[in-house]
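The values are calculated or read from the model by the stated rules, or taken from the named source; none is laboratory data. Only a predicted model underlies this, so the values are computations on that prediction, with no experimental measurement involved. Here Cβ is always computed from backbone atoms with ideal geometry, including for glycine, and neighbour counts include all displayed protein chains. What goes into the accessible areas is simple: the full protein's heavy atoms, side chains included, and nothing from ligands, DNA or RNA. Shrake-Rupley method; radii C 1.70, N 1.55, O 1.52, S 1.80 Å.
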Amino acid sequence: GDFKFITGIPGHGKSEWTDAMMVNLAKLYGWRFAVFSPENQPISLHIKKLADKWIGKPFFEKLNDRMTIQQLNQATEDLNRYFDFVLPEAPTLDAVLNLIRIAVVRHGINGALIDPWNELEHSRPAHQSETEYISDSLRKMRQFARQNNIALWVIAHPTKMQRMEKGSPIYEVPTP
């Protein structure tokens, strides 16, 4: 029952790191995952990215020492045992958590990923401030992870980051 909220500088590998962590947990400990990742659509694209990490070789062309078709087929077969992908028609937090709950019951998942938070449909009540809405959502996700005894990771992708100084390659520290 663990909940982690991940954010960082755009393009610095939040999703790639999380994918690698899930692959390693699956390979080393047999963990199963439910994944909501609308940015990695179609799902076959996400499977190819996970296969890179599973095999340790790149899938895409024009790269040296690329994985073979046999390795891709084996990785796909292996990944299908450990990963369930959820994509509700209306991706609200409640709809995604409901599909994850179903995966917990049906497949005994150990972890779940919502990547990114920004892709969920957020319709807060008129009487509720944005801060209150986010606080309630965070509480709901923490409780969900505890009640279902899973690890839940949520990634938030900032839309625009400020640099420390004009022209500097260094960004300010991202915050939730």
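Residue 32 meets the conditions (1) modelled with pLDDT under 95; (2) crowded, with 20+ Cβ neighbours inside 10 Å in every case but one. The failed one is (1). Between 95, 112, 126, 103, the distinction of being modelled with pLDDT under 95 and either under 18 Å from residue 43 (Cα atoms) or not in a strand (DSSP E or B) (or both) belongs to 126 only. Could you go through segment 40-51 and let me know if any residue there is without any contact (Cβ under 8 Å) to a residue 12 or more places away in the chain and in a helix (DSSP H, G or I). Within segment 40-51, one or more residues are without any contact (Cβ under 8 Å) to a residue 12 or more places away in the chain and in a helix (DSSP H, G or I). Criterion first (in contact with a Leu (Cβ under 9 Å, 6 or more places away or on another chain), modelled with pLDDT under 95 and either open to solvent by less than 30 Å² (accessible area, probe 1.4 Å) or more than 30 Å from residue 30 (Cβ to Cβ) (or both)) does residue 120 satisfy it? Yes; evaluated as a whole, the condition is true for this residue.
Would you say residue 131 is touching a His at 6+ places or on another chain (Cβ under 9 Å) and either open to solvent by 30 Å² or more (accessible area, probe 1.4 Å) or at pLDDT below 95 (or both)?
So residue 131 does not fit the description; no.
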